[in-house]
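Below is one structure; the comments refer to it alone.
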Amino acid sequence: MKVAVLGAGIMGNGIAQLAVMAGDEAVAYDVARPQLDRAGAAVGTSLARFVRSGKRTQEQADADRARLTFTTDLAEAVAGADVVIEAAPEILDLKQDLWRQVVQHAPAEALLGTNTSQLSITSIAAALGDDAHRLVGVHFFNPPVMMRLVEVIAGLQTDPAQVDRAKAFGEHVGKQVVVCRKDSPGFITSRAYAILRLECVRMLEEGVATAEDIDTALKLGFNFPMGPLELGDMNGIDTYVHAISGLEQAHGDRFRPTVGLRNMVAAGRLGRKSGAGFYDYDEEGARRV
């Protein structure tokens, strides 16, 4: 099976790696060659970790890497693809423009999945005209190679058969799949977790506890693999503010970003990528004590 992944950022290269580890051929597309180079390096580093942990042999990792190719040619990426997963940034116009191009080149029978944590599947599909019924939400979690869940979302026009195909694909790459049957902003997971993280931010701003103690409480008390604040730093504070601003428009004031969050973005405290967020980080991205 050939899997085309559109967008070679953190999510895209992770999804492509999942595909090759499941035995598929995968091609990662991005408009920027430097991003493809970074993606290739990231996949290589990740596969090396699997080898060191004993979860893959060196031979398996080498075969995985050999099944993954990179291109800046969209038509080449989707030609002959059985599955197309778009992992572009969370900008509606950008995703719509990309899908308009995809349906001109991808096979008519290919599964079309958009990886989004909150954008309306129906709105993205609106750009596809008669092909709108083919698009389904396939929400992977960060980092895709480690997180066990995939959330499949049906748009208003999504063919139920495409939902079933998306479920099968998620299971094929080793994930547990849940289905959001109503195209509601935030779906199941982003809506629930965004409000929990926002309450943690409020507690921090009110001086209820330190960031470290809030994260430790959530990890040990509820078995979270990462605390909400450290996860916010990993994903980007600006990304989070953008996401909850959209949820505020859909669901009301309970999702309104705090003044403190907006100030963090204005000050450039965006998390690990900028060296500072709820925590401070060194040049290697390790948290400073």
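The values are calculated or read from the model by the stated rules, or taken from the named source; none is laboratory data. If you're wondering where the values come from, they're calculated on a predicted model, not measured in any experiment. So basically every Cβ, Gly included, is an ideal-geometry build from the backbone, and we count neighbours across all protein chains shown.
Listing for the model above:
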{"read-out": "Selection count, region 67-95, where residues are crowded, with 18+ Cβ neighbours inside 10 Å and outside any loop (DSSP other than H, G, I, E, B)", "value": "10"}
{"read-out": "Residue check, S46 over 25 Å from A106 (Cβ atoms) and either outside the structural domain of V136 (by TED's automatic domain parsing) or surrounded by 15 or more Cβ atoms within 10 Å (Cβ to Cβ) (or both)", "value": "yes"}
{"read-out": "Region 183-213, subset crowded, with 16+ Cβ neighbours inside 10 Å and among the small types (G, A, S), residue farthest from F255 (Cα to Cα)", "value": "A211"}
{"read-out": "Verdict on I124 being of a type in the set (A, V, I, L, M), closer than 24 Å to T239 by Cβ and touching a strand residue (DSSP E or B) at 6+ places or on another chain (Cβ under 8 Å)", "value": "yes"}
{"read-out": "Residues being assigned to a helix (DSSP H, G or I), under 24 Å from T216 (Cα atoms) and either touching a residue at least 40 places away in the same chain (Cβ under 8 Å) or not assigned by TED's automatic domain parsing to the domain that holds V201 (or both) - total across region 245-271", "value": "3"}
{"read-out": "Residues within region 228-244 that are in contact with a strand residue (DSSP E or B) (Cβ under 9 Å, 6 or more places away or on another chain), in a helix (DSSP H, G or I) and over 18 Å from L149 (Cβ atoms), tallied", "value": "7"}
{"read-out": "Close pairs (8 angstrom Cβ cut-off, 6 or more residues apart or separate chains): closer than 25 Å to P143 by Cβ and in a loop (DSSP other than H, G, I, E, B) in region 202-227, at pLDDT 95 or above and among the β-branched types (V, I, T) anywhere", "value": "G227/I214; G227/T216"}
{"read-out": "Selected residue (only one of R256, R287, R272, R262 is touching a helix residue (DSSP H, G or I) at 6+ places or on another chain (Cβ under 6 Å) and surrounded by fewer than 16 Cβ atoms within 10 Å (Cβ to Cβ))", "value": "R256"}
{"read-out": "Residue match in region 48-57 (condition: over 30 Å from D238 (Cα atoms) and either touching a His at 6+ places or on another chain (Cβ under 9 Å) or of a type in the set (S, T, N, Q) (or both))", "value": "yes"}
{"read-out": "Restricting region 153-177 to residues that are of a type in the set (K, R) and part of a helix (DSSP H, G or I), the residue that is farthest from K55 (Cα to Cα)", "value": "R165"}
{"read-out": "Positions within region 33-75 being basic (K, R) and over 14 Å from V5 (Cβ atoms), in sequence order", "value": "R33, R38, R49, R52, K55, R56, R65"}
{"read-out": "Which listed residue, of H139, H133, is touching an Asp or Glu at 6+ places or on another chain (Cβ under 8 Å) and outside any helix (DSSP H, G or I)", "value": "H139"}
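The rows are residues; the columns are (1) closer than 27 Å to Q101 by Cβ; (2) touching a residue at least 24 places away in the same chain (Cβ under 8 Å).
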| residue | (1), (2) |
| --- | --- |
| V27 | yes, yes |
| V31 | yes, yes |
| Q35 | yes, yes |
| L47 | no, yes |
| S53 | no, no |
